[in-house]
Amino acid sequence: MIKTVLIKSLLLIVMLFFVADKSFSSNRISFDPKDGYSLLDLYEISLKTSERIKLSEQDLNLSELDREKALSVLLPALSTFGDYTRYSEKKTYEDIIIQPESSVAYGIKAGQSFTLNGKELIALKIANQYIEKRTLDLEGVKEEYLFTVASAYFNVLKGQKRVEIAEANVKRLSTQRNAVSARLRLEEVTKTAMFRADAELSKANADRVLAQNALTLARSIVCRVAGIPEGYFLKEPSMVLNQIESLQLYELKREGLSARSELKSLDIQKAVAQNSIQFTKSDYWPKISIEGQYLRYDQSPELVSIPGDSLSLSVKLNFLLYDGGLRNAQIKDMLIQKRKTDLAIEGKVKEVNIEIEEAYLDLMTQKNILQSFKDQLKSAEENYEAVKRQFDHGLSDIVDLIDANTLLVTSQRQLSEANYDLLLAHLKLKRAKGVFLKDVLSELNEKGKTG
């Protein structure tokens, strides 16, 4: 019997552990590194693992607690009390008890205080506004952090292309060096050609090492900002560029000024500053306190002249006549804070306009030079093949071949980086307009529905 109960208990524990572990696992981020990480995957992981975002979320939690504190002031305070006294002896005078052996007093009281101009309601309004501000600040932190993730993502992709180009260049120059060595043995070229080929190969090897080290650092940065393990590989971006160039610059600026979370946060901060002035001026108003109390008083033995139960209600009015100029100084302080907020808004508007213009011009620049780099690479490839054939037939020297190879490598690097820079410039303009986070969350929502 006992053995059966133990077996059933053990099975129950195992089942509960399995269910709990399954439930916990469903809440964790599950990505298979073998499948590779897309940019959207990095966004999703970063939103859940970033310490900077979590810190901003804690600021929002603190603001919600401040609202609870402000709300608690509007509710009456309820308290109970009790008192027991034991005397050394009972005292009487002409058969009248003047001191009992013991006495017990207990009761309950409720109190509420408020300022006549509604200071407590103003405090609650300010607390609600701070929640809105912290929410917008959190959106700004998320947007900034996700753009950092995107920049790190494209840096890795550009680094991978640089390494591929550097390795191809080393292989190509090694072939050239072997060809020069063979022609040197046939005395078709001088030793200076061999020296030049060796120097270019050594330089290419150094460039490859630099590219590999830069890629290693870029990969480490992605691990840090995105919170993914080492040994990952990234998928190529599958972004489709919108026809942003059809929009006028002034339209982009107008959209950015209405959508940027930083400006919305500053607008709320301005409203908070105005309400804080009213809150400070509340000290010039009287404060009323109301308190009701029920008291039960018992003695042993009882005194006839002492009532057992009593109810009382008290109203107090407090008005501060003189504070040495403290209230006036506090009001001036709030006025200065409001002026600082106005100046911050003016400065931020100018900053946002510049950011949008810079991002727009950067996007237009990357778009316009992309085709030029494609044409340049095509010409560089044809030029290299032509010079190489001439070199093989002795119609050109090593200098011409090295120059053609340098042009080819430069063209490959410029085109590969221009492709990624165009996509990043597109995201940068979204960030400047204030719609970057909205688009990311929309894509994640669609991914969740299809996934």
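Each of 86, 183 was scored by other Cβ atoms within 10 Å of its Cβ. Arranged with the fewest first, they read 86, 183.
Can you bin the range 177-283 into rounded, prolate or oblate? Criterion: square roots of the alpha carbon gyration tensor eigenvalues sorted a ≥ b ≥ c, rounded for a/c under 1.5, prolate for a/b above b/c, oblate for the rest. It is prolate, given that a/c is not under 1.5 and a/b is the larger ratio. This model, with +1 at the C-beta of Lys and Arg and -1 at the C-beta of Asp and Glu, gives the range 156-217 a dipole about its Cα centre of some 100 debye. Computed from Cα atoms, the angle from the helix 51-73 axis to the main principal axis of the chain rounds to 20 degrees.
With each label modelled as a point 7 angstrom along the Cα→C-beta vector, the residue 59-residue 151 pair spans 1.9 nm. For the chain, the longest principal axis of the Cα atoms and the long axis of helix 249-259 meet at an angle of about 30 degrees. Shown for 216, 148, 341: other C-beta atoms within 10 Å of each C-beta, ranked fewest to most, produce the order 216, 148, 341.
Where the centre of each part is set by its Cα atoms, how far does the range 408-451 sit from the range 318-378, in angstrom? Measuring centre to centre over Cα atoms gives 24 Å.
Principal-axis analysis of the Cα atoms of the chain puts helix 191-226 at an angle of about 20° to the longest axis. Ranked by the mean number of other Cβ atoms within 10 Å of their residues, highest first, the peptides 430-437, 227-234, 190-197 fall in the order 430-437, 190-197, 227-234.
Here the chain is assigned +1 on the Cβ of each Lys and Arg and -1 on the Cβ of each Asp and Glu. Its dipole about the Cα centre then comes out at about 360 debye. Taking the alpha carbon gyration tensor of the range 128-180, multiplying each eigenvalue by 5 and rooting it gives semi-axes of 51, 4, 4 Å, largest first. Hydrodynamic analysis of the chain uses the Kirkwood radius over alpha carbon pairs. Inserted into Stokes-Einstein at 4 °C and 1.567 mPa s, it gives a translational diffusion coefficient of 43 µm²/s. One decimal place: the segment residue 318-residue 105 gains 73.8 nm when fully extended, by the rule 0.36 nm per residue minus the C-alpha distance.
The residue 390 and residue 216 beta-carbon pair, evaluated with R₀ = 41 Å, returns a calculated FRET efficiency of approximately 0.55. Comparing 279, 360, 321 along the charge dipole axis of the range 253-409, the residue lying farthest to the positive side is 321, per the Cβ-charge model. Think of it as helices only: each DSSP H run of n ≥ 4 in the chain is worth -39500 (n - 2.57), and spread over all residues that comes to -25000 deg cm²/dmol at 222 nm. Listed by Cβ neighbour count within 10 Å, with the fewest neighbours leading, 403, 309 appear as 309, 403. Compared with the alpha-carbon gap, the fully stretched path from residue 116 to residue 443 is longer by 112.6 nm at 0.36 nm per residue. The alpha carbon centroids of the range 253-292 and the range 102-174 are separated by 20 Å. With the simple spin-label model, which puts each label point 7 Å out from Cα in the Cβ direction, the residue 209 to residue 75 separation comes to 7.0 nm.
FYI, it's all coordinate maths here, none of it is from the lab. All values derive from a computational prediction rather than experimental measurement. All Cβ positions, even for glycine, are placed from backbone atoms using ideal geometry, and neighbour counts span all protein chains on display.
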